[in-house]
Amino acid sequence: MRLAHASLFVAAFALLVPAFVGAQAQGDSSRSVADGGISAAGWTGQIDANAAKAGKTIKDAKLSEDGGVLHVTTGPAVTYWNPADTASGDYTVSATFNEPKYMNLNTHPHPYGVFIAGNDMGTDQQSDLYCAAYGNGTFIVRGFGPASFQMNGRGAPSDAVHKAAGVGQPVTQTIALSVKGSKVECAINGTVVASYDKSELVTAGKLKSTDGVYGIRFAHNTEGTVTGLKVTKP
């Protein structure tokens, strides 16, 4: 009798597991934002290739601007930029990101940040480097060259990255990417969290140059505002 009960339990569990996994996967698939598209003057964008292959477009995410504040809602993961915004030589690109309701559109933390070194933007040969923070105290440094590449794996924790008090709570990060001589550094909330030799980045399969367009990067199913996006020279 016990064996029969155990067999029934195993059979029931086997039926439930695929349904649970499927529900998780569906819950984390890229949504489509109502009234999406780009209304911020002068800006453009590109969604990630895998989202495009799944039938998503830039209109499935939303970028607007009000009083100098950029408001982003995704949708597919997206890179946004103004073609007039370029930087070369030694420089720092920085911005402040506010996630007003942490994880309000997703089932786990998703990142946002700044990118630099954008070349061939909007094409299948696009290359750039971004540093992004999560509201759980971790960060990532990744890029496209044109295939995606990772500089710190799937991310790393840092005491410098602010943590939201809980789901639905606000969290703010100031993120900067700097080119300084032979080094490229990411600083979050005033602390350098990653540093790389330029030669590690400007190489086959990664960046064409550290000169180029700069802008912002948001993962899928994420909402936030961006203020103070700027480039400064030493």
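Each reported figure results from applying straightforward, stated rules to the coordinates on display, with no laboratory input. Since we're looking at a predicted model, the values are computed, not measured. Glycine gets a Cβ as well: all are built from the backbone with ideal geometry, and neighbour counts include every protein chain shown.
At-a-glance table
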| item | result |
| --- | --- |
| Reachable lysines, given that their alpha-carbon falls under 23 Å from the alpha-carbon of Lys180 and they are not under 8 places away in the same chain | Lys198, Lys206, Lys208, Lys230, Lys233 |
| The stretch 31-232 - Debye-derived log10 I(q)/I(0), Cα point model, q = 0.09 Å⁻¹ | -0.29 |
| Sum of side-chain charges, Val192 neighbourhood, beta-carbon under 12 Å (Lys, Arg +1; Asp, Glu -1) | +1 |
| Within a Gaussian network of the chain (alpha carbon springs, distance under 10 Å), most fluctuating of Phe218, Phe139, Phe149 | Phe149 |
| Helix 2-27 vs. the chain, principal-axis angle (Cα, 0 to 90°, nearest 10) | 30 |
| Estimated vicinal HN-Hα couplings, Hz - the stretch 34-39 in sequence order (Karplus 6.51, -1.76, 1.60; Gly, Pro = x) | 5, 6, x, x, 10, 10 |
| Top of Thr107, Thr222, Thr96 by mean-square fluctuation, Gaussian network on the chain, Cα under 10 Å | Thr107 |
| The stretch 90-234, relative contact order [Cα under 8 Å, separation at least 6], % | 37 |
| Residue-averaged [θ]222 nm for the chain, counting only DSSP H segments that reach four residues, each worth -39500 (n - 2.57) | -4500 deg cm²/dmol |
| Distance (nanometres) between label positions extended 7 Å along Cα→Cβ at Asp124 and Ala165 | 4.9 |
